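The values are calculated or read from the model by the stated rules, or taken from the named source; none is laboratory data. In this text, all values refer to a predicted model and were calculated from it rather than measured experimentally. Heads up, the Cβs are rebuilt from the backbone with ideal geometry, glycines too, and the neighbour counts pull from every protein chain shown. For the accessible areas, the whole protein counts, side chains as well, though only heavy atoms, and no ligand, DNA or RNA atoms are used. Shrake-Rupley method; radii C 1.70, N 1.55, O 1.52, S 1.80 Å.
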Amino acid sequence: MKNIIINEFIDWYIKNKENNGSNYLKNNFKNDKELFKDKLLEINEEFYKSYQIKPFEIDIKNFSEIQIEEIHSKLILKDDTFNIYNKKTSNGIPKAILGKRNFLLFLNEILIDNDGKSNLDSTFFLRKEFISYLINEEDYSIGSANSYASYVSSAHKHIIRLYLKKDFFGSIDIFYKDNFRDELEDLFDISINLTLKFSDITIKNKYCAGLREYKYFLLDIFDNPYDNEVYIPEYLKKQIAIEDVILAKEDKDIIQFRREIEEEYKTKFEIDKESLISNFRFRMITQDRLYGDVYFPIRLIKKIFYKNDAKQIFDKFISDQIENIKIYNSSNNSFYLLKNIESLLIDESNQVKCSISAKLDDFSLIGNVFTELGEEGKFDLFKANSLRDVAIDHIFPMKDILLLHKKELTGLSKLTSILKEKGLVKSGKEAVKQLAFIGNQIIDDQVLDYNDMQLLTNDLLFLGNKLHLQLMSSKENLQKKNR
């Protein structure tokens, strides 16, 4: 039994991990699978000595999430025999191999596959990949990742299927295969809006949280297939040329569809604050800036902080910026901060409006939102078809900030030098592809040490005091960039 599960795990590891952010097999065993298996058997025995559990002797055809959680609960212990073995003899590798990004993820995927065979919601597009993405990229626990997938299934079953009157997962499949990115995003915004309107108050936040995470998983693999290739199944790769992903074509049908829903259910298109925050967070953490003397490769920076147990530092840097985004409420430069609003609305005339809670009287004030125009210093009413038309603008351009303060940004300067030394080019698709590959090398080879992390942390704190953001019409934002 033990060799069967070990062999399957080794095959899974080579397919999903080796050369995808890890070179453990190559660096330690010269790609010799038998030597790797011997190491796994050694880990198996050491784990048994401490906990009387042999992970690699689990019956692969008959186990449950309880066993996964049991192994995980032992891995987080610090004062025991296995922990001494983990640190002194193997530099932390045994825990990493058994952990939630490797062996436990492998077991979880088997459970997902088994569940899918009897799951009525078998149309869930990339369910297994979604769960793996949450665990690997967003640092979710296995239990939390499974819960978020369940929220999506439940939202679909109880709300979206009833009120959307459109094949949700089928539409996602079509939009993804046809490179209709904008339509994919709009479909989710409509579905989240319906879920907020028609879900029970006790569960709607969980449903919407699941839908938001699912939305940004799909958009991320759409926008950056090079760094997320492991989450794109082979059958999809054959239908979508990964080298030729294009921006979605504008399709007014989905906007008209939203108008019809609004009319039928007598509801407005409203984006709640949590959806705004998650949308803006996704945009900010996926916009790499590879220009000038100091690069700001935000995707890689996020990975570095997450892999070095500094997730909270990175997340606070992003959330602080989002909370202080300016939303103009007049043409004379007065504004609210995003942290003080309840939601944005888009009315039938495409006017963007802002909802502010009047706490003393327990009702909301709704007023027009204004945007800075492409012509400097002028403002007008903010018009938009969808959330995609709402841009986040750096009041002082990021490019100028990086140039002006390059001497102070010592951590980013070192990271830029490493990227250049490893051959990163400056522009185009090739740069995006290379950044994903080189970035994984930097993390896997532990190129950055504790002092480098301190320098990067200081840089984020420094930039946090220099960056100032505002909401702006995407059309006007483009004109501003061309000034």
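The criterion of at least 2 residues that are at pLDDT below 95 and open to solvent by 20 Å² or more (accessible area, probe 1.4 Å) is met by the following strands (runs of 3 or more DSSP E) wholly inside the stretch 320-360: 335-337, 352-358.
Out of everything in the stretch 148-169 that is more than 22 Å from the chain's Cα centre (by Cα) and not aliphatic (A, V, I, L, M), what residue ends up being farthest from Glu342 (Cα to Cα)?
Asp167
Among the residues of the stretch 323-342, those identified as in contact (Cβ under 8 Å) with a residue 60 or more places away in the chain and within 19 Å of Arg281 (Cα to Cα) are Asn324, Ile325, Lys326, Ile327, Leu338, Ile341, Glu342. Scanning the stretch 163-174 for residues that are under 16 Å from Phe124 (Cα atoms) and in a helix (DSSP H, G or I) yields Phe168, Phe169, Gly170, Ser171, Ile172, Asp173, Ile174.
If the condition is being in a loop (DSSP other than H, G, I, E, B) and surrounded by fewer than 16 Cβ atoms within 10 Å (Cβ to Cβ), then the stretch 363-384 contributes Glu375, Glu376, Gly377, Lys378.
Of the residues screened, Lys475 is one that is at pLDDT 90 or above, closer than 30 Å to Lys383 by Cβ and open to solvent by 70 Å² or more (accessible area, probe 1.4 Å).
Conditions tested, residue by residue: (1) modelled with pLDDT of 95 or more; (2) touching a helix residue (DSSP H, G or I) at 6+ places or on another chain (Cβ under 9 Å); (3) crowded, with 17+ Cβ neighbours inside 10 Å.
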| site | (1), (2), (3) |
| --- | --- |
| Leu412 | yes, yes, yes |
| Leu415 | yes, yes, yes |
| Gly428 | no, no, no |
| Asp449 | no, no, no |
| Gln454 | yes, yes, no |
| Asp459 | yes, yes, yes |
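Output the residues belonging to the stretch 296-319 that are surrounded by fewer than 15 Cβ atoms within 10 Å (Cβ to Cβ) and part of a loop (DSSP other than H, G, I, E, B). Scanning the stretch 296-319 gives a single hit, Asp309. Quickly run through the stretch 40-56 and pick out the residues that are in contact (Cβ under 8 Å) with a residue 24 or more places away in the chain and either within 11 Å of Phe82 (Cα to Cα) or in a helix (DSSP H, G or I) (or both). Result: Leu40, Leu41, Ile43, Asn44, Glu46, Phe47, Lys49, Ser50, Tyr51, Pro55, Phe56.
In the stretch 69-83, the qualifying residues are those that are among the aliphatic types (A, V, I, L, M) and at pLDDT below 85, and the one that is least open to solvent (accessible area, probe 1.4 Å) is Leu77.
Looking at the stretch 201-210, can you tell me whether even one residue there is touching a strand residue (DSSP E or B) at 6+ places or on another chain (Cβ under 8 Å) and assigned to a helix (DSSP H, G or I)? Yes, there is a match, as at least one residue in the stretch 201-210 is touching a strand residue (DSSP E or B) at 6+ places or on another chain (Cβ under 8 Å) and assigned to a helix (DSSP H, G or I). If you go through the stretch 272-295 and pick out every residue that is at pLDDT 90 or above, open to solvent by 10 Å² or more (accessible area, probe 1.4 Å) and among the hydrophobic types (A, V, I, L, M, F, W, C), you end up with 4. Considering the stretch 104-145, and only residues there that are over 19 Å from the mean Cα position of the chain (by Cα) and open to solvent by 50 Å² or more (accessible area, probe 1.4 Å), the residue that is modelled with the highest pLDDT turns out to be Thr123.
Looking across the stretch 417-426, the residues that are of a type in the set (A, V, I, L, M, F, W, C) and open to solvent by 10 Å² or more (accessible area, probe 1.4 Å) come down to Ile418, Leu424, Val425.
Could you tell me whether the stretch 175-191 includes any residue that is open to solvent by 40 Å² or more (accessible area, probe 1.4 Å), of a type outside the set (A, V, I, L, M), more than 22 Å from Leu276 (Cα to Cα) and not in a helix (DSSP H, G or I)? Within the stretch 175-191 (the criterion being open to solvent by 40 Å² or more (accessible area, probe 1.4 Å), of a type outside the set (A, V, I, L, M), more than 22 Å from Leu276 (Cα to Cα) and not in a helix (DSSP H, G or I)), the answer is yes, since at least one residue qualifies.
Just so you know, in the stretch 192-214 the residues that are of a type in the set (Val, Ile, Thr) and surrounded by fewer than 18 Cβ atoms within 10 Å (Cβ to Cβ) include one that is nearest to Ser278 (Cα to Cα), and it is Ile203.
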